[in-house]
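The values are calculated or read from the model by the stated rules, or taken from the named source; none is laboratory data. All figures in this text were calculated on a predicted structure; none of them were measured in a lab. Note: ideal-geometry Cβ built from the backbone for every residue, glycine included; neighbour counts use all protein chains shown.
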Amino acid sequence: MRVGVLALQGDFREHIAALSAIGVEAIAVKTAEEINSVDALVLPGGESTTIAKLARIFEVFDLIKQKIKDGLPVYGSCAGLILLSNKILDGIEGQETFGGLNVIARRNAFGRQVDSFEGEIDFKGVGKLNSVFIRAPWVEEVGTEVEVLASSHGHPVAVRQGKILATSFHPELTDNHAVHRYFVEEICKAR
Ligand code: GLN
């Protein structure tokens, strides 16, 4: 199995390192050919507006959207969560998302005082994790078929819908690779 990490902008190198650390082949992808060559996709943290615009410029936006629709396993952290959400609040004018995840996400939701913070969260099926939040979104509303895996400050920060996993926080920035392992074992390898 080979996982592609979308390498248009953001912390894709850290995702590749985390996946490699758990023995999974991971490559940076940005062309249609590269995206078509992988069995799963990771959308990194970064800036969701920039990633969406670059995906349009590199002409892979519709391909990624379609792949997600067709059931390609996909994991998005932070900006990645925003990009996977069907609807967003506090986006910029005309901001596009790939969608697939039946949620409403709020960008930069944690506000000024706690703009960036670390905190312990309880991740269903994984256990307690120290999590890094950087100008993170939260999930404002979950639709049908969405399972909440973790919450912080009263809002969902990790959700799953079928083959789609999304977290507000950045497990790729810690030494604990449990969330990446969860994605690979429970989502990519699950029948
Ligand atoms: N605030 C960023 C956005 O809207 C996400 C931040 C992050 O990925 N750390 O895309």
Fill in the blank from the handout: Apart from one, (1) within 16 Å of the ligand (Cβ to nearest atom); (2) part of a loop (DSSP other than H, G, I, E, B); (3) surrounded by fewer than 20 Cβ atoms within 10 Å (Cβ to Cβ) all hold for Lys53; the odd one out is (2)
Exercise for the section: Could you tell me which of the residues Gly80, Gly76, Gly125 is touching a residue at least 60 places away in the same chain (Cβ under 8 Å), part of a strand (DSSP E or B) and closer than 19 Å to Val148 by Cβ? Expected result: Gly76
Handout entry: From the options Glu96, Glu120, residue that is over 14 Å from Glu141 (Cα atoms), in a strand (DSSP E or B) and not small (Gly, Ala, Ser)
Key = Glu120
Exercise for the section: Tell me, yes or no, whether the stretch 7-22 has at least one residue that is in a helix (DSSP H, G or I), surrounded by fewer than 22 Cβ atoms within 10 Å (Cβ to Cβ) and of a type outside the set (Gly, Ala, Ser). Expected result: yes
Exercise for the section: Please work out which residue is farthest from Leu8 (Cα to Cα), limiting yourself to the stretch 77-91 and to residues that are within 9 Å of the ligand (Cβ to nearest atom) and surrounded by 22 or more Cβ atoms within 10 Å (Cβ to Cβ). Expected result: Ile88
Exercise for the section: Go through the stretch 8-40 and count every residue that is within 16 Å of the ligand (Cβ to nearest atom), in contact with a helix residue (DSSP H, G or I) (Cβ under 8 Å, 6 or more places away or on another chain) and without any contact (Cβ under 8 Å) to a residue 60 or more places away in the chain. Expected result: 2
Problem - Number of the exception - Asn102 against (1) out of contact with any helix residue (DSSP H, G or I) (no Cβ under 6 Å at 6 or more places or on another chain); (2) in a strand (DSSP E or B); (3) more than 10 Å from the ligand (Cβ to nearest atom); (4) within 25 Å of Ser20 (Cα to Cα) - result: (4)
Handout entry: Options Arg191, Arg112; residue that is farther than 21 Å from Val38 by Cα and at pLDDT below 95
Key = Arg112
Problem - Unmet requirement for Gly94, which otherwise passes all of (1) more than 18 Å from Gly45 (Cα to Cα); (2) within 13 Å of the ligand (Cβ to nearest atom) - result: (2)
